[in-house]
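K.L.:
Quick one: the structure is below, questions incoming.
Values in this text are rule-based calculations from the coordinates and carry no lab data. Since the model is a prediction, treat every value here as computed from it, not as a measurement. We place every Cβ from the backbone using ideal geometry, glycine too, and count neighbours over all the protein chains shown.
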């Protein structure tokens, strides 16, 4: 999971660089599509792991994932339809969200799994 977290942050950084370099909307949209796809895959892996081991906080964790996916999809939709405007606030939000989520929610399930000898 930690490797996947790193890939998510790298992808966010790539979108930021594209914006700073004035990349075309299509290029930014393609990178956001990659972020949506990988984020969805990561969340599915995480939720499957937690479900398989009976993690008691799974439903709350899953709801957080769903809220973030909605945010990213909305940003992607705006970008693809020429309404990209300023994506910097979204990128700042995503960076904070990922960081806080990993340091709090993911840390909790990590401790829970470790206490049971799973990881």
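K.L.:
Checking residue 44 against (1) in a helix (DSSP H, G or I); (2) over 12 Å from the mean Cα position of the chain (by Cα); (3) closer than 29 Å to residue 119 by Cβ: exactly one of these is not met. Which one?
P.N.:
(2)
K.L.:
Still on this structure: Looking for something closer than 19 Å to residue 4 by Cα, under 11 Å from the mean Cα position of the chain (by Cα) and without any contact (Cβ under 8 Å) to a residue 60 or more places away in the chain - is there at least one such residue anywhere in region 100-117?
P.N.:
Here is the first cut: in region 100-117, the ones closer than 19 Å to residue 4 by Cα are 100-111, 113-114.
With under 11 Å from the mean Cα position of the chain (by Cα) added as a condition, the list becomes 101-102.
Still in the running and without any contact (Cβ under 8 Å) to a residue 60 or more places away in the chain: 101.
So far as region 100-117 goes, yes, one or more of its residues are closer than 19 Å to residue 4 by Cα, under 11 Å from the mean Cα position of the chain (by Cα) and without any contact (Cβ under 8 Å) to a residue 60 or more places away in the chain.
K.L.:
State yes or no: is residue 17 in a helix (DSSP H, G or I), without any contact (Cβ under 8 Å) to a residue 24 or more places away in the chain and farther than 29 Å from residue 108 by Cα? Break it down into steps so the answer makes sense when it comes.
P.N.:
Details: in a helix (DSSP H, G or I): yes; without any contact (Cβ under 8 Å) to a residue 24 or more places away in the chain: yes; farther than 29 Å from residue 108 by Cα: yes.
Taking the combined requirement at face value, the residue satisfies it.
K.L.:
Considering every residue within region 47-59, establish whether at least one is surrounded by fewer than 15 Cβ atoms within 10 Å (Cβ to Cβ) and closer than 20 Å to residue 6 by Cα.
P.N.:
Of region 47-59, the ones surrounded by fewer than 15 Cβ atoms within 10 Å (Cβ to Cβ) are 48, 51-54, 56-57, 59.
Adding the requirement that they be closer than 20 Å to residue 6 by Cα leaves 48.
Checked against the condition, which is being surrounded by fewer than 15 Cβ atoms within 10 Å (Cβ to Cβ) and closer than 20 Å to residue 6 by Cα, region 47-59 yields at least one hit.
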